[in-house]
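J.: Quick one: this structure, given as structure tokens, is what I'll be asking you about.
What follows is calculated from the coordinates using simple rules that are stated; it is not laboratory data. Source: prediction; values computed, not measured. When we count neighbours, we look across all protein chains shown, and the Cβ atoms used for this are built from the backbone with ideal geometry, even at glycine.
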Amino acid sequence: MHTASHATGVLSVDLDALARNYDRLSRAADPAECGAVVKANAYGCGVGPVARRLARAGCRRFFVATLAEGLELRELLDDVEIYVLEGVLETAGEALSKARLVPVLNSLAQISRWAAPGRRAVLHIDTGMHRLGLEAAEVEQLVAEPERLAGIEVCYVMTHLACADEPEDEHNAEQLARFAALKAGLPAAKTSIGNTAGAFLGPTHCGDLVRPGIGLYGGNPFVRRANPLEPVVRWQARILQVRDVPKGASIGYGATHRFTEPARIATIGVGYADGYPRALGNVGAAAIDGVRVPVVGRVSMDLTTFDVTGLPRERVGEGKLVDLIGGGIALEEVAAAAGTIGYEILTGIGKRVARVYTGEGE
Ligand SMILES: *Cc1c(COP(=O)(O)O)cnc(C)c1O
């Protein structure tokens, strides 16, 4: 493992801000309980420090995507509930049981694989995502044949909304109505509905347990509303070299940008192999001491070039830190420029980028 001081890129995660976002989500969701989604290495932020800090902030229920993530989290936290969204795959039963992981059952086949007295599970009902979860016909079959559960204790009946980030979208009401109708025939159980956005949309969208992910890490859960959460991550990279280029020169692969005036270029040691999207070539922007600098030329595998002509020479030397996210550059701005969403940017930040933690708890 490299140390932060040697890494060319550093992702700083503010654990106090993370805990404040958890508090904010808990208050918004109240009286629903607030869980935390820490799949994909806690959205790239590092599951160890993140999960421990959230547990200290009072979180008792964690969601992960896979068995492997569940096993890793169980090593970190002994006394919390861990729900595995992929459910129980062919040979996973024993490993789940041994680590006291609770599968989210997504089909009748998964139910029969897991069914045994005393075992606990979440039942996932698909109400319109058509991705994972019991479909309507399967729920009806389960209602007709409740013995299929064979003594499984159902902790929650869950569903997932396709358009929670657009609260006015009619899909939300349709899915909620379908959920109410489908679960009515099942044995009474608590419900889990909302993601980050759902936590802000009232009891109908929360259920008894909300499952926020992106908002914990400072991402905006809404497409058209101001972000109710505070930033948690700052992605910085060091300048490797500064050079002056003459009028008429071009830069980078494909010579996609040509300078019409003499310019000064700063090259950083982060590229698309680190998760800085190649789509940001000639359209992205970073910041140096709060001053915006545009990406010029293509993003390379390990390098990206910025036009720093507008900055005083003494402020842009080798070793100087450039803000890729944070320091005046919003996660959503980077995502939009790259034609994607904050989730993909965060979860794509690569292994070469050192994670460092600020705030109480590490
Ligand atoms: C990833 C995920 C979440 C978290 O969603 P955010 O939009 O990040 O808050 C919640 N529920 C399920 C089923 C998920 O897969």
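J.: Within the chain, what's the longest stretch lacking trypsin sites (Lys or Arg not before Pro) that sit in DSSP loops with no more than 12 other Cβ atoms inside 10 Å?
T.: Numbers: sites that count: R131, R224, K247, K351.
So the longest stretch without any such site is 1-130.
J.: Another question, if that's okay. Give me the net charge for the shell around R224: Cβ to Cβ below 9 angstrom, other residues only, Lys and Arg +1, Asp and Glu -1. Kindly include the intermediate steps, with their values, before the conclusion.
T.: Numbers: positive: R225; negative: D165, E166, E168.
The answer is -2.
J.: Here's something else I'd like to know. Which distance in nm do the two modelled labels at Q241 and R148 give, with both placed 7 Å along the Cα-to-Cβ direction?
T.: Modelled inter-label distance: 6.4 nm.
J.: Can you tell me which aspartates and glutamates have their Cα less than 13 Å from the Cα of K320? Leave out same-chain residues fewer than eight positions away.
T.: List returned: D289.
J.: Of V233, A336, Y276, which is farthest on the positive side of the dipole of segment 231-357, counting Cα position, with +1 on Lys and Arg Cβ, -1 on Asp and Glu Cβ, and the Cα centre as origin?
T.: Farthest towards the positive pole: Y276.
J.: Would you mind calculating the gained length between E261 and R278 on full extension (0.36 nm times residue separation, minus the Cα-Cα distance), in nm to one decimal? List each step's numbers first, then the result.
T.: Numbers: separation 17, 0.36 × 17 = 6.12 nm, distance 2.51 nm.
Full extension from E261 to R278 adds 3.6 nm.
J.: Further question on the same structure: From the phi of every residue in segment 221-226, what ³J(HN,Hα) in whole Hz does the Karplus formula 6.51 cos²θ - 1.76 cosθ + 1.60 yield, where θ is phi - 60° and glycine or proline is x?
T.: Per-residue couplings from phi come out as x, 10, 7, 10, 10, 4 Hz.
J.: Looking at segment 17-119, which GluC sites (Glu not before Pro) are DSSP coil and have at most 15 other C-beta atoms within 10 Å of their C-beta?
T.: On the way: sites: E33, E69, E72, E75, E81, E86, E90, E94; in loops: E86, E90.
Hits after loop and neighbour filter: E90.
J.: Sorting check: for 134-140, 155-161, which peptide has the highest mean count of neighbouring beta carbons within 10 Å, and how do the rest follow? Display every interim value, and only then the final one.
T.: Working: 134-140: 17.0, 155-161: 24.0.
Answer by packing, highest mean first, reads 155-161, 134-140.
J.: Return the whole-Å distance between the Cα centroid of segment 176-236 and the Cα centroid of segment 3-60.
T.: 16 Å
J.: To continue, here is another question. Hey, with R₀ at 30 Å, roughly what FRET efficiency would S250 and R224 work out to, going by the Cβ-Cβ distance, to 0.05? Write out the running numbers ahead of the final one.
T.: Values: r = 39 Å, r/R0 = 1.30.
Working from the Cβ atoms, E equals 0.15.
J.: Mind checking which of G317, P103, G46 is farthest towards the positive end of the chain's charge dipole, using Cβ charges of +1 (Lys, Arg) and -1 (Asp, Glu) about the Cα centre?
T.: Final value for the positive-end residue is G317.
J.: Over what distance in Å are the Cα centres of segment 239-274 and segment 122-165 separated?
T.: 53 Å
J.: For labels at A188 and A136 in the simple 7 Å Cα→Cβ model, what's the distance in nm?
T.: In this crude label model, A188 to A136 measures out at 2.7 nm.
J.: To the nearest 500 deg cm²/dmol, what mean residue ellipticity at 222 nm is calculated for the chain from DSSP H runs of n ≥ 4 alone, each contributing -39,500 (n - 2.57), summed and divided by the residues? Mind showing how you got there, number by number?
T.: Values: 12 runs with 99 residues, N = 362.
Dividing the helical sum by the residues of the chain leaves -7500 deg cm²/dmol.
J.: Moving on to the next point. Each residue of segment 163-180 in turn: what ³J(HN,Hα) in whole Hz from Karplus with 6.51, -1.76, 1.60 and θ = phi - 60°, glycine and Pro shown as x?
T.: 10, 4, 6, 10, x, 7, 5, 5, 4, 4, 4, 4, 5, 5, 5, 4, 4, 4
J.: Follow-up question, since we're still on this one. With both bridge residues required to lie in the chain, what share of the DSSP beta bridges run antiparallel, to the nearest 5%?
T.: Details: 28 of 55 bridges.
Looking only at bridges with both residues in the chain, the antiparallel portion is about 50 percent.
J.: In addition: Once R0 is set to 22 Å, what does the formula 1/(1 + (r/R0)^6) return for the Cβ-Cβ distance between R27 and R52, expressed as a FRET efficiency to the nearest 0.05?
T.: Working: r = 22 Å, r/R0 = 0.99.
Once the sixth-power term is evaluated, E becomes 0.50.
J.: While we're here: With only Lys, Arg, Asp and Glu charged, each at its Cβ (+1 for the first two, -1 for the last two), find how big the charge dipole of segment 1-125 is about the Cα centre; round to the nearest 20 debye. Before the final figure, lay out the partial values.
T.: Details: 15 positive and 14 negative charges, 43 e Å.
The dipole of segment 1-125 has a size of about 200 debye.
J.: Which residues' amide hydrogens lie under 5 Å from the amide hydrogen of R120, considering only partners 5 or more residues apart or on another chain, with H built in the peptide plane?
T.: It is E153, by chain and number.
J.: Rounded to the nearest 20 Debye, what is the dipole magnitude of the chain about its Cα centre when Lys and Arg each give +1 and Asp and Glu each give -1 at the C-beta? The partial results should precede the final answer.
T.: Details: 38 positive and 43 negative charges, 202 e Å.
With only Lys, Arg, Asp and Glu charged at Cβ, the dipole is about 980 debye.
J.: Moving on. Note the angle between two axes, namely the Cα long axis of helix 67-76 and the longest principal axis of the Cα atoms of the chain, as a number of degrees from 0 to 90, rounded to the nearest 10.
T.: 80 degrees
J.: With a cut-off of at most 10 other beta carbons within 10 Å, and DSSP calling the residue loop, which GluC sites (Glu not before Pro) in segment 164-205 qualify? Please list them.
T.: On the way: sites: E168, E170, E174; in loops: E168.
Qualifying residues, ordered by number: E168.
J.: Another one. How large is the charge dipole for segment 192-311, taken about the Cα centre, if only the Cβ atoms of Lys, Arg (+1) and Asp, Glu (-1) carry charge, to the nearest 20 debye?
T.: Details: 12 positive and 8 negative charges, 48 e Å.
Dipole of segment 192-311, to the nearest 20 debye: 240 debye.
J.: To continue, here is another question. Inverting the mean 1/r over all pairs of different Cα atoms, compute the Kirkwood radius of the chain and quote it in Å. Write down the numbers at each step before the final one.
T.: Values: mean 1/r = 0.0452 Å⁻¹.
One over the average 1/r among Cα pairs gives 22.1 Å for the chain.
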